[in-house]
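So the structure is just underneath, and the comments pick up after that.
The values are calculated or read from the model by the stated rules, or taken from the named source; none is laboratory data. As the structure is a prediction and not an experimental result, all values here were calculated from the model. Neighbour counts run over all protein chains shown; Cβ positions are idealised from the backbone, glycine included. When the accessible area is computed, the model is the full protein with side chains, heavy atoms only, and any ligands, DNA or RNA have been set aside. Shrake-Rupley method; radii C 1.70, N 1.55, O 1.52, S 1.80 Å.
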Amino acid sequence: MRVELDVPKCVASGQCVMAAPDVFDQRDDDGVAILLEETPGEDLLDDVREAVSVCPAAAIRLVER
Amino acid sequence: MSDVLSCPVTGASGPLPEYPLPRAAECPLAPAPATQELRAENPITRVRIWNGSTPWLVTRHADQRALLPDPRVSDDDLDPGFPYVNAHRAEIAPVTPRLITNTDAPEHTRLRRTVNGPFVVKRIEKMREPVQKIVDELVDRMLDGPNPVDLLQAFALPVPSLVIAELLGVPYADHDFFQRSSSLVLDGAAPPEEARRAGGELAAYLDELLKRKTADPGEDVLSEMAGRVRAGEMAHTEAVHMGVAMLIAGHETTATMISLGTIALLQHPDQLALLRGSDDPKLIANAVDEVLRYLSIVQTGVRRVAKDDIEIGDVVIRKGDGIIFDLHAANWDPEVFPEAERLDLTRPARIHQAFGYGPHQCLGQNLARLELQVVYGTLYRRIPTLRLAVPVEELEFDHTGTTYGVHGLPVAW
């Protein structure tokens with residue numbers, strides 16, 4: 001799977017970090033999301049799905065191959 | 001004890017329901033029955049509000065998720081179609097500066113990023129220990145004090161004000177002053193004169209403290225804002241305003257989640273036992289989200305205005321139409337939360353919309369979650385015999401504020 005993060009849409013709520021801390025982090029100064037792992041392993045699929053569903057800005061997309 | 005299964009789910013009689021819709025007296029924690037009926041039968045429909053205008057009311061979870069992040073759905077309260085919560089909000093809109101609460105992207109995105117630093121997940125997590133200390137001390141004081149006691153005054157209100165004092169960097173010696181004045185400002189029952197004076201004292205105090213932090217910065221949010229003021233990114237008065245805003249936004253809401261959350265958990269002894277018996281942080285975190293879902297305390301709905309025609313389902317929302325999103329109705333939507341009327345601390349609850357949804361979702365939600373995790377994980381464990389000192393029917397609920405609440409919560413143990 002591939003994760004896509006639309007940075008301009010990000011409102012820095014940090015919900016992705018809470019859902020999938022191995023895949024997302026936040027910039028220290030303003031909290032904008034950072035994609036740590038563009039192609040995370042299958043074991044992280046549930047976490048990433050949750051991150052997609054809780055992102056309030058709908059800024060995360062999961063492309064499953 | 002009220003049986004939630006017997007709570008009514010109808011009541012939207014008449015051609016155009018008046019919003020907000022009333023709750024059923026016998027089910028004080030459930031959503032207004034009429035919103036539940038509308039969600040099932042008329043999920044996007046016109047309602048009438050205080051000024052006679054007829055915005056759309058959106059009650060289904062899926063429709064709210066589709067519309068709230070949509071760029072055509074605007075938070076611009078200068079738009080003549082904006083469905084104001086009340087006359088006061090309508091009056092102040094033209095004289096209110098543009099803030100995160102009344103702007104759209106891209107301006108909103110820029111503004112939100114300048115105030116978001118303190119709420120970054122990792123920074124909030126560092127608050128866990130200080131919050132635990134605050135909660136433990138308040139429980140100590142409660143156990144040493146009178147029994148029964150008003151949980152609101154003795155515990156629920158002091159927790160958030162002391163946490164915000166900690167976050168802002170208010171010195172410990174001033175915590176009592178800070179807590180007393182902030183409670184007065186926010187206590188709807190306090191004489192207006194006294195509330196105004198307390199508000200003035202609080203703003204003057206923060207103004208003075210900001211000056212001290214400018215000269216001698218620490219690791220706290222006020223020091224950080226002082227830095228932004230020095231760098232010319234923020235005016236001094238803006239920083240004071242932001243400090244007061246953080247206090248107001250995070251105070252009553254958190255206190256209500258503690259007071260109403262306690263009522264809800266006491267009404268579900270099996271769920272309370274589950275919570276009390278567990279030290280699994282994941283279970284406690286999910287319990288907080290489930291109680292947030294169950295109570296959905298914002299009771300006037302999220303208000304927006306359409307900036308373009310929007311087709312959704314078999315409805316067309318026209319440009320300039322007001323839109324109201326009823327969060328409680330969405331959070332009891334059986335399509336997403338089967339048997340939504342049951343408080344179930346183990347259900348997947350994370351997708352609830354108690355903090356709203358879309359780019360304006362609550363700025364302080366991560367702090368609120370942390371506070372509630374510490375409170376729910378501590379209070380009922382340390383006072384296992386905690387109970388209401390009066391029947392629920394005798395409690396006086398606040399049906400008029402933006403957030404639901406209770407005026408006083410006598411408890412005993």
> Total Lys pairs in chain B closer than 29 Å by alpha-carbon, pairs eight or more apart in sequence or interchain only?
Replying inline: 11
>> At 1.4 Å probe size, with the rest of the protein present, what percent of the exposed accessible area of the range B:4-412 is carbon and sulfur atoms?
In response: 54
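Given a 1.4 Å probe and no ligands, DNA or RNA in the count, how much accessible surface is buried by A and B, both sides, to the nearest 100 Å²?
Its buried surface, counting both partners, is about 1800 Å².
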>> Pairing rule first: another cysteine's C-beta must sit under 4.7 Å. Under that rule, which cysteines of the protein assembly as shown stay single?
In response: A:Cys10, A:Cys16, A:Cys55, B:Cys362
>> Could you check the spin-label model distance between B:Ala40 and B:Leu16? Points 7 Å from the Cα along Cα→Cβ, value in nm.
In response: 2.6
>> Over the range A:2-63, with the other protein chains present, what is the accessible area per residue in square angstrom, probe 1.4 angstrom?
In response: 45
>> Accessible area per residue for the range B:81-230 in Å², computed with a 1.4 Å probe and the full protein assembly in place, what is it?
In response: 50
> Highest GNM mean-square fluctuation, chain B, Cα pairs closer than 10 Å: which of B:Arg369, B:Arg228, B:Arg304?
Replying inline: B:Arg228
> Between A:Phe24 and residues 5 or more places away or on another chain, which pairs have amide H atoms under 5 Å apart, with H built 1.01 Å from N, and which residues are they?
Replying inline: A:Leu36
>> Can you give the Rg/Rh ratio of the protein assembly as shown, where Rg is from the C-alpha atoms and Rh is the Kirkwood radius?
In response: 0.94
>> Quick test of the membrane-span-like rule: which DSSP H helices of chain B reach at least 20 Å along their long axis (C-alpha atoms) with mean Kyte hydropathy at least 0.5?
In response: B:236-267
> What length, rounded to one decimal in nm, is gained on full extension from B:Ala87 through to B:Thr402, with 0.36 nm per residue of separation minus their alpha-carbon distance?
Replying inline: 112.1 nm
>> On a 1.4 Å probe surface of the protein chains, which of B:Trp50, B:Trp332 comes out largest in accessible area, and what is the full order?
In response: B:Trp50, B:Trp332
> By how many nm would the segment from B:Glu208 to B:Ala389 lengthen if fully extended, with 0.36 nm per residue of separation less the alpha-carbon distance?
Replying inline: 61.0 nm
>> If you roll a 1.4 angstrom probe over the protein chains with everything in place, what fraction of the accessible area of the range A:2-63 belongs to carbon and sulfur, to the nearest %?
In response: 46
> Taking Rh as the Kirkwood radius computed over C-alpha pairs, what is the Stokes-Einstein D of chain B at 10 °C in a medium of viscosity 1.306 mPa s, expressed in µm² per second?
Replying inline: 71
> Under the Karplus relation 6.51 cos²θ - 1.76 cosθ + 1.60, θ = phi - 60°, what is the ordered set of whole-Hz ³J(HN,Hα) values for the range B:333-349, x standing for Gly and Pro?
Replying inline: 6, x, 4, 10, 10, x, 6, 4, 6, 8, 7, 10, 5, 9, 6, x, 10
>> As I understand it, the dipole of the range B:184-293 uses +1 on the Cβ of Lys and Arg and -1 on the Cβ of Asp and Glu, about the Cα centre. Which of B:Ser259, B:Tyr205, B:Leu272 lies farthest toward its positive end?
In response: B:Tyr205
> Does anyone have the angle between helix A:45-54 and the longest principal axis of chain A? Alpha-carbon axes, 0 to 90°, nearest 10?
Replying inline: 40
